[in-house]
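Below is one structure; the comments refer to it alone.
Just so it is clear, none of the values below were taken in a lab; they were calculated from the coordinates. Only a predicted model underlies this, so the values are computations on that prediction, with no experimental measurement involved. Positions of Cβ are generated from backbone atoms using ideal geometry, with glycine treated the same way; all protein chains shown enter the neighbour counts.
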Amino acid sequence: MSPLIMGRSKVKGMSAEELGERSAALSDALEAGGSQLDPGRVVDARAVIEKVTARTSRSGNHTVVALAGATGSGKSSLFNAIVGDGVATVGARRPTTSRPIAAVWGDDDASDLLDWLEVAQRHHVQAASTGAPATGGGRPSKGAPAVAWNLDGLVLLDLPDFDSRVEAHRLESERVLELVDVFVWVTDPQKYADARLHDDFLKVLSTHDAVTVVVLNQADRLSADAVTQIRGDLARLTAEDGIAGVQVLATSATTRTGLDELAMRLGTAVAARNAAQARLAADIRATSGRLRVDVADTEHTLPDAVDAALVEALSRAAGIPTVVAAVERDYRNQAWSRTGWPFTRWVRALRPDPMKRLRLNTRDSVEEKLAVTAGDVRSVLGRSSLPPPTPAARAAVDLATRGVGDGAAEGLPHRWAEAVSDAATPPGPELSDALDQAVVGTSLRMRAPLWWRVFGIAQLLLSLVAVLGLVWLVVLVVLGWLAIHDVSTPSLGPVPYPLLMFAGGLLLGLALAALARWLARIGARRRGQVIRGRLTDAVAAVAAERIVGPVRAVLARHRAAREGLDRASA
């Protein structure tokens, strides 16, 4: 509710705590928004935050009211009429007022506040000079100001003309208007529709309707009908500026017309003791509203799981298919070397190790095959020898990361969309290095399957049987050559045991080797799937950390900025 509502000595307003919360919310929004907010509006917002801190720490019992108007509006005469003394210089030459002049009511010291306002010329209004009781309603005696209200705590400023032909005067008026609590816009019958008043002040300060008073001065120069017509026209123009429902006061410093009503408005603002909070809250709302265009009404929420297309593209770029193929090939080699026919296993040892070629394994024994750890590799090599990604793989990664960025940036303002896109595209070789380290750091350790051991023992037994059968046959041949025919050879039917052992050991060993080869192919595919899953999880972790995480951080900042601005402007 406006602190200027007529007839209320107390009005509900914003507390200092609530004002502090809104200022903090605006500060948080600026911190979260960073460079994604318009730099000029950020500067203005920080100035508002500083003003809130400075104003709330000074003279909380004073209300600063500024009489502002164009050249010739008679605000200095109006100022003198309210004060009851010729404090401000009134003259025909323009501009007359070059520096702000202050009139202070009450015994509380306002020096600190006026020092902050940088108002050097000050006048203390004595209680007796009001010519009326503190809360009386009678008309003051002739020669006294038309002030019949208790104005203790009022600091009334007469400002230089805001349309002065002297630039320093205009700038001084605008500077002080940034700091005061209540605006009294004084205009006259000739300039009430002036664009400078409406476009540069009333429209800009349309959110400050609670601390705005519009005065049509020099009403004594008009007829009663003309005053009614111009007041209505001025009220209409003010409503078009965004300040609806404003009541235009008609005053005259010469005939004292309307001074009682104006003084009553000022007394109401002083009695409420919340005009400063209302002005500052309006400043926060206004600057938050201007910043609000730099953020969207909502933002995307990325799912917990990393996009499958992104993981697939990164997996190909990281060389996971190559690693999986090497793992499968190495599994088959190991299986065949441990379960194959013992008489030909040595041939397998001559084949190159696919894991060593990729610098993904540095085993010391067969039992630790596929047992490389991240520390082992980094301490020696620092990275793998995987081939670099192909142009097609790089293009797929670019397309996937762009898709993540575009999807997350949809609906966001340009600066935020650029920030999301940049976050989704890590600079330089950082992503490639992270993917390579993820591959290197993924454990490829495996435990030898039980069937390897069973088949290996069986092959050794069959080989031993075959060798024993062969030796037996050789002995029999030697004995026959020596013409020793008394040796009896056991047999199974027509087949002697030595031949059965030799042929059976060889044939069963070859059959078992063929079965082991088939099982090795199946096991290699399963092992490849397990390793692919581990590597894919590692790549997904890189994507979450290097791509999705930064994008989420930008969206979180956008959400914090949006919510902070909404809290500040509530």
Report summary line: When GLU17, GLU545, GLU418 are arranged by how many other beta-carbons sit within 10 Å of their Cβ, fewest first, they go GLU17, GLU545, GLU418
Report task. Please give every one of the aspartates and glutamates within straight-line cross-link reach of LYS203, meaning a C-alpha to C-alpha distance under 13 Å, and leave out same-chain neighbours fewer than 8 residues apart. Result -> ASP194, GLU240, ASP241
Query raised in the report: To the nearest 0.05, what FRET efficiency results for ALA392 and ARG290 with a Förster distance of 56 Å applied to their C-beta separation?
Result: 0.75
**Report entry** Residues ILE457, ILE230 arranged by fewest to most Cβ contacts within 10 Å
**Finding:** ILE457, ILE230
Requested in this report: List TRP105, TRP518 from most exposed to least, where exposure is judged by having the fewest other Cβ atoms within 10 Å.
Outcome: TRP518, TRP105
Query raised in the report: Roughly what would the spin-label model give for SER443 and ALA308, points 7 Å off Cα along C-beta, in nm?
Result: 2.9
Query raised in the report: How far is it, in nm, from the label point at VAL474 to the one at ALA511 when both lie 7 Å from their Cα along the line to the Cβ?
Result: 2.7
Query raised in the report: What's the FRET efficiency of ALA560 with LEU171 using the Cβ-Cβ distance as r and R₀ = 45 Å, to the nearest 0.05?
Result: 0.80
Report summary line: Excluding residues fewer than 8 positions from LYS51 in its own chain, the aspartates and glutamates with Cα under 13 Å of it are GLU178, ASP181, ASP283
